[in-house]
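Undergrad: Pasting a structure below so you can have a look.
The values are calculated or read from the model by the stated rules, or taken from the named source; none is laboratory data. Everything quoted here is computed from the prediction, not taken from an experiment. Virtual Cβ from ideal backbone geometry, glycine too; neighbours counted across all protein chains shown.
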């Protein structure tokens, strides 16, 4: 299996752990930079699978670097390492870790965010459903899905551009012929919108066709 290339941005501070060397030992192809803007300028050239921003070692919040990465490549997964727990906007990073933690915990987060080998990824427009890791990526979002949400999204992706009737959708996803109460479907649709829409209240992709069902426009 091909090594995943990771872009690691971290400074050198004696009291803050460095992760680049440990990640290299774990089998990743590491491209390390101590300067955020220099690292971001190399993204297209390096084409990494994921970016690790060790903001704690840079004595920063990482906000500026993460925003720069997002502007350069909106789909690139970002793991942000901070010195202590802080509230971070969801769009800023796909995963946030607060020190201290083990290298293995970081590896587990990385593996969960890496794209599959292509055989287990279904794509419709900007939406990528990774069946292996049970995640959906869309624009700047990267979200873990429950099995039911995965089934729901997969059906809508398979029939993108077509209206899928509520009752038919409910029967398939819940594997039942009883369609007396399909309100739980609406709840799952709203959860799905949170996962793929930049503005879930004004959906661009997952449209409600009043009185009929839903349609995925990509």
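Undergrad: If a residue has to be more than 18 Å from the chain's Cα centre (by Cα) and at negative phi to count, how many in region 44-83 make the cut?
TA: Residues meeting the conditions: 13.
Undergrad: Restricting to region 105-151, count the residues that are at pLDDT below 80, exposed (fewer than 14 other Cβ atoms within 10 Å of the Cβ) and closer than 25 Å to residue 172 by Cα.
TA: 3
Undergrad: Among the residues of region 183-214, count how many are buried (at least 17 other Cβ atoms within 10 Å of the Cβ) and closer than 17 Å to residue 151 by Cβ.
TA: Kept after step one, since they are buried (at least 17 other Cβ atoms within 10 Å of the Cβ), are these residues of region 183-214: 185, 188-189, 192-193, 195-197, 203, 205-206, 213-214.
Then keep just the ones that are closer than 17 Å to residue 151 by Cβ; that gives 185, 188-189, 192-193, 195-196, 206, 213-214.
The qualifying residues number 10.
Undergrad: Hand me the list of strands (runs of 3 or more DSSP E) wholly inside region 127-218 holding 1 or more residues that are closer than 20 Å to residue 95 by Cα. Steps first, answer last, please.
TA: Working: elements: 127-130, 135-138, 141-144, 163-165, 206-209, 213-216.
Answer list for region 127-218: 127-130, 135-138, 141-144.
Undergrad: If only one of 159, 172 is free of Cβ contacts under 8 Å to residues at least 60 places away in the same chain, surrounded by 12 or more Cβ atoms within 10 Å (Cβ to Cβ) and within 24 Å of the chain's Cα centre (by Cα), which one is it?
TA: Only one candidate qualifies: 159.
Undergrad: Looking at region 46-59, can you tell me whether even one residue there is outside the structural domain of residue 200 (by TED's automatic domain parsing) and without any contact (Cβ under 8 Å) to a residue 12 or more places away in the chain?
TA: Of region 46-59, the ones outside the structural domain of residue 200 (by TED's automatic domain parsing) are 46-59.
Applying the additional criterion that residues be without any contact (Cβ under 8 Å) to a residue 12 or more places away in the chain yields none.
No: region 46-59 contains no residue that is outside the structural domain of residue 200 (by TED's automatic domain parsing) and without any contact (Cβ under 8 Å) to a residue 12 or more places away in the chain.
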